[in-house]
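What follows draws every value from the coordinates through simple rules; no lab data is involved. These numbers were taken from a predicted model, which means no experiment stands behind them. All Cβ positions, even for glycine, are placed from backbone atoms using ideal geometry, and neighbour counts span all protein chains on display.
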Amino acid sequence: MALVASIHVENGWKMPEFTLQDAQGETHHLSALAGKKGLLVVFTCNHCPYAQAVWPRLIRHAQTLQTMGVNTVAINPNINPRFPDDSVPEMQKKIVEWGIHFPYLVDDTQAVAAAFDAQCTPDLYLFNGEGELFYHGRIDDYWKDEARVTKEELMPAAALMVEGAESPKVQYPTIGCSIKWFDGHH
């Protein structure tokens, strides 16, 4: 398990436009998934312990975000034959098992993860209603055990965004497992 941290992307950076299929084979355009107030894009997977630890929070926060006009989309860049736990059939199982209520997309070429410069699972990008990056950081200050979280970071950032305020000056990188790049990439 290679531990890596997400890297800073400038606020105001425009969300790249991509079309991906979800685990059921339906096609989605990233920009079309955005809510009135924005879109949370999460690069994640099924098997990584970091991703698994935060999935329940992500699912719960996504419900709250939806009430704020911000939609959520998860993208799995680990469609790699060496990692069968992250395959599309396994994604289908997790959607049911975990109750994932937002699109979980398949980045089988890894082009989307590369365009976002995503480094790890999970890696979170919060875009405003204009498709500009507002927050690129962690959900909270303790990934491993939600009971030990002392500071929420994603949700307060989303609240600022929806109010039209400035984005948080300090944004701590997410940590997680490295994306399972195909040979020759990164």
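Considering the chain, which cysteines have no disulfide-compatible partner, defined as another cysteine with its Cβ under 4.7 Å away?
Cysteines lacking a close Cβ partner in the chain: 45, 120.
In debye to the nearest 20, how big a dipole does the stretch 57-104 give about its Cα centre with +1 on each Lys and Arg Cβ and -1 on each Asp and Glu Cβ?
Magnitude of the dipole: close to 120 debye.
Given the peptides 5-18, 34-47, 136-149, 61-74, arrange them by the average over their residues of other C-beta atoms within 10 Å, most packed first.
Highest-to-lowest ranking by the protection proxy: 34-47, 61-74, 136-149, 5-18.
Could you sort 114-125, 156-167, 171-182 so that the peptide with the highest average Cβ count within 10 Å comes first and the rest follow in order?
In decreasing order of mean packing, 114-125, 156-167, 171-182 become 114-125, 171-182, 156-167.
Within a Cβ distance under 15 Å of residue 96, other residues only, what is the Lys/Arg minus Asp/Glu net charge?
Neighbour charge sum, excluding residue 96 itself: -1.
Could you give the dipole magnitude of the chain about its Cα centre, charging the beta-carbon of Lys and Arg +1 and that of Asp and Glu -1, in debye to the nearest 20?
About 300 debye.
Tell me, what is the percent relative contact order of the chain, built from C-alpha pairs under 8 Å that lie six or more residues apart?
31 percent
Out of all DSSP beta bridges in the chain, what portion is antiparallel? Express it as a percent rounded to 5.
Counting only bridges with both partners in the chain, antiparallel ones make up about 70 percent.
For every other residue with a beta carbon closer than 12 angstrom to the beta carbon of residue 155, add +1 if it is Lys or Arg and -1 if Asp or Glu, then tell me the sum.
+1
Count of lysine pairs in the stretch 3-178 with Cα atoms under 22 Å apart, counting only pairs 8 or more residues apart in sequence or on different chains?
Within the stretch 3-178, the lysine pair count is 6.
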